[in-house]
Amino acid sequence: MLKISNRWIKNKLKESIKYRVFYNYCNLLCFIKTLKIPHIDWKPLDNSLPRFVAIAREADVPLLAYSIQSLMQHSISRPNIWLIGDSDAAYIKLQKWFANYPSDVKFWHWQTLHDELDQSYKNFIQTWLASGQWGGYAKKFAITLAANAHSDILLFDADVLWFGNFLSALQTIRQNHNTILAGQDYVQSYDLEVAEFLCNKKILEDKPLNCGLIYYPHSILFKIITINKVNNLIGYAKEATPHFEQTLIADAFWKSGGKWFSSDTVATTLIDNFQFKKQVYALARHYAGAKHLFWRDA
């Protein structure tokens, strides 16, 4: 019994040391890499590409800068880009971290895009925003709707890195599928009550969706997330969970006949956690729940 106990203690200590060493290493990389604004080699504009749209909190602006840098590093041209701050401070910081941007790269305050929406959508967003701890996700949902009203969009989170010619792969997929394109998550992250209310069995029965990098054809969301639907969902918006947004997007994905990005095109995974070098080689990777790995790979 004593031997088993000692072995258990040793294993626990070993895991604790491994955890601390690795996370301290990633935190050190984060500290070093955010001391200086990264240089971005802006490529020529290609208007045939969908608009790329990202919203960032003030704290996540450095991640977004490294994300755009990696996109440019692996591209021969670039899409039209909208960078959106979710607060006054984030809006100002974006313009500091992207100081040498081309004139066609647009900066937005999220409120400006929100104000373009129909009043019913604005009521839904404001109710969601006031719901409590997870209300901030309403801002991303608002800018997704507003941007999609303008054009085809590729919506991506700040914690996405690009490792190959994703733009070329995206163009090929768009030629074959005029619908929502998304990557799979490594775990199901949905609001179960909302999923049941939406009466869409595929949300819970099929592969889990991750909405950290997702393509929307022009105005497709308004065909599925209608004014009538958001009015019926207002009660859930009042008590929004952290997975409310992803559940709504998963419903739209399946009802639009959505298609998956292949795992070698878009990855969301923790498979190489505690590894000092990345072991995932997709063209784009969303570091959901793993921002420490973002700084390892940036």
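Figures for the structure shown
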quantity	calculated
Extension gain, Ser77 back to Ala130 (0.36 nm per residue minus Cα-Cα distance, nm)	15.0 nm
Farthest positive-ward along the chain dipole, Cα basis, beta-carbon charges - from Leu270, Leu45, Leu198	Leu270
Volume per residue that the Cα convex hull of segment 66-147 spans, once the total is divided by residue count, Å³	109
Dipole magnitude of the chain about its Cα centre (Cβ charges: Lys, Arg +1; Asp, Glu -1), debye to nearest 20	1220
Accessible surface of the chain [probe 1.4 Å, protein heavy atoms]: carbon and sulfur percent	53
Accessible surface, segment 196-285, averaged per residue in Å² (probe 1.4 Å)	47
Rounded to the nearest 10 Å², the accessible area of Tyr101 at probe 1.4 Å	80
Rounded to whole Hz, the Karplus (6.51, -1.76, 1.60) HN-Hα couplings of segment 25-40, x for glycine and proline	4, 5, 5, 5, 4, 4, 4, 5, 6, 9, 6, 9, 5, x, 6, 10
Segment 155-240: relative contact order in percent, alpha carbon pairs under 8 Å with at least 6 residues between	40
Check: segment 81-208 dipole with +1 on Lys, Arg Cβ and -1 on Asp, Glu Cβ, in debye	280
Sites His150 and Gln111 - FRET efficiency at Förster radius 22 Å, r taken between beta-carbons, to 0.05	0.85
Accessible area in square angstrom per residue, segment 72-176, 1.4 angstrom probe	40
Potential lengthening between Leu35 and Thr179 on full extension [0.36 nm per residue; Cα-Cα distance subtracted]	47.8 nm
Mean separation of Cα contacts under 8 Å, 6 or more apart, over the residue count of the chain: relative contact order %	21
Extended-chain gain in nm, criterion 0.36 nm per residue less alpha-carbon gap, Asn11 and Gln275	93.2 nm
Label-point gap, in nm, between His218 and Glu205 - each point 7 angstrom along Cα→Cβ	3.6
Residue-level accessible surface for Asp206, protein heavy atoms, 1.4 Å, Å²	50
Label zone at Glu193 (point 7 Å along Cα-to-Cβ), backbone N below 17 Å, segment 125-147	127-135
Where the Cα pairs of the chain fall when distances are cut into 10 Å bins, in %	6, 26, 34, 22, 8, 3, 1, 0
Contact order relative to length of segment 165-298, as percent, for alpha carbon pairs under 8 angstrom and 6 or more apart	33
CD proxy at 222 nm, helix term only [per DSSP H run n ≥ 4: -39500 (n - 2.57); per residue of the chain; nearest 500]	-14000 deg cm²/dmol
Share of alpha-carbon pairs per 5 Å distance bin for segment 1-121, given as whole %	2, 9, 15, 16, 13, 10, 8, 6, 5, 5, 4, 3, 2, 1, 0
Cα gyration tensor shape for segment 153-235, rounded if a/c is under 1.5, else prolate or oblate	prolate
Isotropic mean projected area of the C-alpha convex hull, segment 165-283 (nm²)	8.5
Alpha-carbon centroid distance for the pair segment 35-87 / segment 241-275, whole angstrom	21
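The values are calculated or read from the model by the stated rules, or taken from the named source; none is laboratory data. Predicted model only: the values in this text are computed from it and were never measured. In this analysis, Cβ positions are derived from the backbone assuming ideal geometry, glycine residues included, and neighbour counts consider all displayed protein chains. Side chains are part of the model used for accessible areas, which takes the heavy atoms of the whole protein and leaves out ligands, DNA and RNA. Shrake-Rupley method; radii C 1.70, N 1.55, O 1.52, S 1.80 Å.
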